[in-house]
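Heads up, the thing below is written out as structure tokens.
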Amino acid sequence: MKAKSAWEIAEGTRDGSISPVETVEALFERIGEHDIEIKAFITTTKKLAIEQAKEIEKKRKAKQKLGRLAGVPIAVKDNICTQGIETTCASKILRGFIPPYDATVVKMLKEEGAIIVGKTNMDEFGMGSTTEFSAFFPTRNPRNTSYVPGGSSGGSAAAVAKELASAALGTDTGGSIRCPSAFCGVVGLKPTYGLVSRYGLIAYANSLEQIGPITRDVRDSSLMLSCIAAHDPMDSTNVGEKKDYTKFRDDVSRLKIGVPKQYFGEGTQKAVSDAIWRALKKLEDEGATIEEVDLKTVEYALASYYIIAMSEASSNLARYDGLRYGFQESSGARNWSTLFSKDRKIGFGFEVKKRIILGTFALSAGYFDAYYLKAQMVRSLIIQDFEKAFKKFDVLIGPTMPTTAFKLGEKTVDPLAMYMSDCDTVPANLAGIPAISIPCGSSNGLPIGMQIMAPSFEEERLLGVAGFCERELA
Amino acid sequence: MRKGVGLIGVDGLGLKIGLEVHCQLTVLNTKLFCSCSSNYRGTEPNTNICEICTGLPGTLPVLNEKAVEAATKIALALNCKIAETANFFRKNYFYPDLPKNFQITQYDKAGGVAIAKEGQIGTSDGSIRIRRIQLEEDPGKLSYEGTIVSSPFALVDYNRAGVALVEIVTEPDLKSPKNAREFLQKLRSILEHIGVCDGSLEGAMRCDANISLFGGKRVEVKNISSFKEVERALNFEITRQKTMAKAAKAEGMETRHWDEVRRVTVTLRVKESEEDYRYFPEPDLVPITISKNYISKVKARMPELPDKRKERFVRDYKVSEEIASVLVGEKQIADFFEACVKSYTAPRLLGSWLAIDIIGYLNRSEKTFADIKFSPNNLAEIAKLVEQKQITDSGAKTIIIKAIEQGKSRFEIGKKEEGAITDEKMVMNAVKMVFGANRKAVEDAKSDPNAINFLMGQVMKATKGRADHSLARKLIQVELLAVQEPSRK
């Protein structure tokens, strides 16, 4: 039997046909059964979840208004702060960090009646595309457990795919929502930069990342987005507004679609490009026009992305020194600098240290101009390139990932290949535009993800196209 | 050395002094990026904090708009060019008092634009150019047991972390340690007049000094707590660097720490080159836009500045330039002066008491204006007594200083401090009274000089000993003649 969507659970909870307590209890049974293998969660919060569910039931019986996500079990990526629940970023250095506050998005979800069921695994601080760089354990792809779920929001995507949560929050710095959504065969949306509050998101690369929903279908994605997009005065870069995204129209008959040449370049699996073209054909049959577009600067996106992301990360992660919270290995330190070094040496994983060192280098005097400033210049050109393309096209479509999921251990030995696999996702982060990954067939039982990109704040258009494809590709 | 000859100034030292002054915007209710109180003074350690100012993971800064207004006022007061769009940068360095291990500040390179630049402040030794004015967050505070060198541990208090600071950086235009002190005093008065920084609060104004001699490497002196200490520290550095130069030891670029107790500077760290703070734009904040309209609105609300106030004092109160300069050197003093004059119009007397006697005493005794407990009205009354010749000027000064010394809010006019009564009318009244009461003595006085002495004693008694001696004697003679007249008729 197909599990109920978040939409259906919320509807059923509101009309009384579904008991939130039963939903949660059944869900934790599933988690107990499957998460031993999948390992999507770092922390589960059964007790709190059942309390929340009872609260909702009480409210319903008292005929109080229930929220848009009433009774919906939601998993939250472990780099989003949850009051009273340990939040680690899958890093040893944050072990024991229990935030005294809720991230704005968590607060908003709770206000809508969502039930937080746990914190999901990820690549440490979001640095990776496989969830193998978690300091604790790797997560496995529910479609085939010999494969990675993608990353860095691998835990969230795997939880949704395995029905260990009805929906999840992920974060996307360079593809961290879309990549695991593609690999696990679920829907992942990276909103426009500034649409969703980042307050409470533990920063990896502030200027690139957004929180977004990972769901089983497009309608759930629109529902989740409607609940988390709003203006937040606590985030200066936030310009979001409340809007009902569930009213998207899936009419593509006059849609002008651009297909960036660069998204089908060397390294793209044939099965992947074939699947995307099949979908594009469907859209064309429906009346949409398809035209290839040359986004020349996208070739430099990866280099630009990694320099900016690592530079920001080197500064963001400086605060983890063991003095105030989280992990502390203070024994034997005679002065603060020894203490800091020791804690950071033990507390951070290899991939994180590598990126901190590279970022520190890129920001150093004498190298700043050649790396950081140049990367920012490239970023400006990419933004211009996209702006130009969107003058002609309503959306841009290509694969989310050039390949299907990797085998566990396959990319950890070849970091450059792992970085390369982000080539189709990072441009949207650099440009700040919204992008969604939806399931688009499979190859050898492994899901393929199709990526749709739209101009900034055109999430509704994005969801419309995604909704059409979801219906027609099923 | 020889190569540097051309650089050496007329004083032969090639002295270059520049200052970096950190001023807390004490006028703000809240910190620069969160809603914690900016008044951390007197609070239990680590109680005036929140998740933002302690940089907890996931938190973001939100700019306090009032800080931009305060910085704009400062920029206007210092005749700076104000940026249309300014931005924040991160200054990265590890230090336990810095919760995020970076400081959110401003920068003037790599696309950075500070809130204002290129201003100036006039001093008696020429104009001092302001290089830039920038907004930044204050770090927390470390406490040591004993001194920074000997303490086995440090305690961190984040109550101050995130308080809004304006850093004012000068060009190396200061001519001498004394000039540096004057500059700082003037700056403080300006900030107090525009009401953004109360310089009397401990740590509200802090200063790092850069000094080099003979075209040598720049030495930075940190931890200077007061303007007087700045002068001392710079004088020490000049002597030290001269000695080094004589011994032909090259000065390296270094940071030194001013030890207030021993009154010496000690090496804190030697710099191989400029420290690499890896500045880059703060991605969590958006640029600040300062429109022309906004500036003119702020300008319209600007109060009178010390230089204008000084001109007004000279013009309206007819006090000398020197006196007026001293009066406006501290807003409190200037305000006190004006309140006195409002109560009793004796500006020149009151001005010279305040500018010369009172401030002179405060400086000698290491007291501050806050130690003065009497009101402007009280002081004005004393001025009135002097103008009415009830007490002498020097007597008045003694009374005033004593009141400050003892922290009293009222003046005690003791016999000793009372001046002689030189007012003819007053003394004559006493004489007439004494004559009326001592008819026999008056009769005797016509022939007996001893009786005159008796009358003299009575007059002094009646005036509590305050009648001017020669005047009293003269008036007794006059009155004696007057009472003899009728008998002659």
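Quick note: the coordinates plus some simple rules give every number you see, no bench work behind them. Remember, predicted model here, so these are calculated numbers, not experimental data. So basically every Cβ, Gly included, is an ideal-geometry build from the backbone, and we count neighbours across all protein chains shown.
Annotations
- 10 Å Cβ neighbours from other chains, averaged over peptide A:155-167: 0
- Packing-based exposure ordering (other Cβ within 10 Å, fewest first) of A:D385, B:D97: B:D97, A:D385
- Shape category assigned to the protein assembly as shown from the gyration tensor of Cα positions, a/c cut at 1.5: prolate
- For chain A, calculated [θ]222 nm from helices alone, where every DSSP H run of n ≥ 4 adds -39500 (n - 2.57): -12000 deg cm²/dmol
- Shape category assigned to the stretch B:10-299 from the gyration tensor of Cα positions, a/c cut at 1.5: oblate
- B:F454, A:F350, B:F33 arranged by Cβ crowding within 10 Å, fewest neighbours leading: A:F350, B:F454, B:F33
- The mean number of Cβ atoms from other chains found within 10 Å of a Cβ in peptide B:153-161 is 1, as a whole number.
- Restraint check, A:K92/A:K243; B:K81/B:K367; A:K119/A:K411; A:K4/A:K92; B:K91/B:K217, Cα-Cα greater than 30 Å: A:K92/A:K243; B:K81/B:K367; A:K4/A:K92
- DSSP-defined antiparallel bridges as percent of all bridges, chain A, nearest 5: 65 percent
- Short to long, the 20 Å bins of the Cα pair-distance histogram for chain B hold 19, 42, 23, 11, 5, 0 percent of all pairs.
- Using a simple spin-label model with pseudo-atoms 7 Å out from Cα toward Cβ, B:R263 and A:E33 lie 8.4 nm apart.
- Whole-angstrom gap from the stretch B:304-339 to the stretch A:399-440, using each part's C-alpha centre: 70 Å
- Order of A:D235, B:D448 under a 10 Å beta carbon neighbour criterion, fewest first: B:D448, A:D235
- Diffusion constant of chain A at 37 °C, which comes from Stokes-Einstein with the Kirkwood Cα-pair radius and 0.692 mPa s, µm²/s: 149 µm²/s
- Note on A:122-129: average number of Cβ atoms from other chains within 10 Å of each residue's Cβ is 0.
- The simple spin-label model puts a point 7 Å past each Cα toward its Cβ; for A:K63 and B:E84 those points are separated by 6.1 nm.
- Restricting the stretch A:165-256 to trypsin sites (Lys or Arg not before Pro) in coil, as DSSP defines it, with at most 15 other Cβ within 10 Å: A:K242, A:K243, A:R249, A:R254
- Here the gap between A:A417 and A:S380, fully extended at 0.36 nm per residue and compared with their Cα-Cα distance, gives a gain of 10.8 nm.
- Taking each DSSP H run with n ≥ 4 as -39500 (n - 2.57) and averaging over every residue of chain B yields -11500 deg cm²/dmol at 222 nm.
- Cβ crowding within 10 Å averaged over residues, with A:127-140, A:15-28 ranked highest first: A:127-140, A:15-28
- Diagonalising the gyration tensor over the Cα atoms of the stretch B:128-192 and scaling each eigenvalue by 5 before taking the square root yields semi-axes of 30, 18, 11 Å, largest first.
- Isotropically averaged projected area of the stretch B:304-406, using the convex hull of Cα atoms (one quarter of hull area), nm²: 6.0 nm²
- Built amide H within the under 5 Å cut-off of A:Y199, gap 5+: A:T104
- Scoring B:75-83, A:360-368, A:187-195 by mean Cβ neighbours within 10 Å over their residues and listing the highest first yields A:187-195, B:75-83, A:360-368.
- Hydrodynamic radius by Kirkwood, which averages 1/r over all alpha carbon pairs of the stretch B:424-488, in angstrom: 11.4 Å
- Averaging the sequence gap over all C-alpha pairs within less than 8 Å and six or more residues apart, then dividing by the number of residues, gives chain A a relative contact order of 17 percent.
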